[in-house]
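In what follows, a structure is listed as structure tokens, so that the remarks can point back to it.
The values are calculated or read from the model by the stated rules, or taken from the named source; none is laboratory data. For clarity, every value in this text was computed on a predicted model and none was experimentally measured. Here the Cβ positions follow ideal geometry from the backbone for every residue, glycine too, while neighbour counts run over all protein chains shown. Surface areas here come from the heavy atoms of the whole protein model, side chains and all, with no ligands, DNA or RNA. Shrake-Rupley method; radii C 1.70, N 1.55, O 1.52, S 1.80 Å.
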Amino acid sequence: MKTNIAIIDDHQLFREGVKRILDFEPAFEVVAEGDDGTEALEIVEKNNPDVIIMDINMPNMNGVEATKKLVEANPSVKVIILSIHDDENYVTHALKTGARGYLLKEMDADTLIEAVKVVADGGSYLHPKITHNLVNEFRRLATSGAEGGLLGHVQPEIRRPLHILTRRECEVLQMLADGKSNRGIGESLFISEKTVKNHVSNILQKMNVNDRTQAVVVAIKNGWVEVR
């Protein structure tokens, strides 16, 4: 079955570019497009898409407000926010309203496709740069001696989780924490992107988490990856 997608963005040229990328994926079908959050509500009610890709800054009703209304009406709705902002406040606010993903508009085609697949399957997806920023923020808190934050405190010694993951999976987990995309991991390890996806899937299953962001958070908490 195809994943039906709606694209909501007030910049037509950017919207067309996103659609063109998605149209190359046989498993995807763009069923509707819109210019603002108000139109997004109407599109979702009429077309019931599996995934909504929504710009954060739009006239009339922005993407975060629209996501909040959509989630209130249907908690299972799957929204991926598009933004130029990598600031933690923007990301946190979007996720708190119920967005399942957050992508920066500087994304490449592979990242967009990967995000839609992950979110369509019920997971969450943050742009690799956002994950990297999360790790950097944790490092800042740890270095300053701040405690009681989201991730707790950093452990002084890195202990790879060889009791549950293979050595290769540990390498992939570290690169997820470094903010690398599947393509970037494949290029670094000289393996195919398909092989990387298999490794990531195995890591999530073995760690009993739903998505790569959760895997990174758990790995940092347990001292399984370097915060660098």
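Of the heavy-atom accessible surface of segment 20-66 (probe 1.4 angstrom), what whole percent is carbon and sulfur?
With neighbouring chains kept in place, the figure for segment 20-66 is 44 percent.
Quick one: compute the contact order of segment 1-107, relative version, from alpha carbon pairs under 8 angstrom and 6+ residues apart, as a percent.
Answer for segment 1-107 is 24 percent.
Quick one: order Arg100, Arg160 from most to least accessible surface, probe 1.4 Å.
Sorted by accessible area, descending: Arg160, Arg100.
How far apart, in nanometres, would the label points at Arg183 and Glu65 be if each is projected 7 angstrom from Cα along the Cα-to-Cβ direction?
About 3.5 nm, to one decimal.
Run the quick spin-label model on Asn202 and Glu106: label points 7 Å from Cα toward the beta carbon, then report their separation in nm to one decimal.
3.3 nm
Kindly report the accessible area of the chain per residue (heavy atoms of protein chains, probe 1.4 Å, no ligands, DNA or RNA), in Å².
Roughly 51 Å² per residue, with all protein chains present.
Using a Förster radius of 30 Å, what is the FRET efficiency between Lys194 and Glu45 based on their Cβ-Cβ separation? Nearest 0.05, please.
0.20
Which net charge results when you count Lys and Arg as +1 and Asp and Glu as -1 among the other residues whose beta-carbon is under 12 Å from that of Gly184?
Cβ neighbours under 12 Å give a net charge of -3.
For the chain, compute Rh as the Kirkwood radius over C-alpha pairs and then the Stokes-Einstein diffusion coefficient at 4 °C and 1.567 mPa s; write the answer in µm²/s, rounded to an integer.
71 µm²/s
Kindly provide the Kirkwood hydrodynamic radius of segment 14-75 in Å, to one decimal, from all pairs of distinct alpha carbon atoms.
12.2 Å
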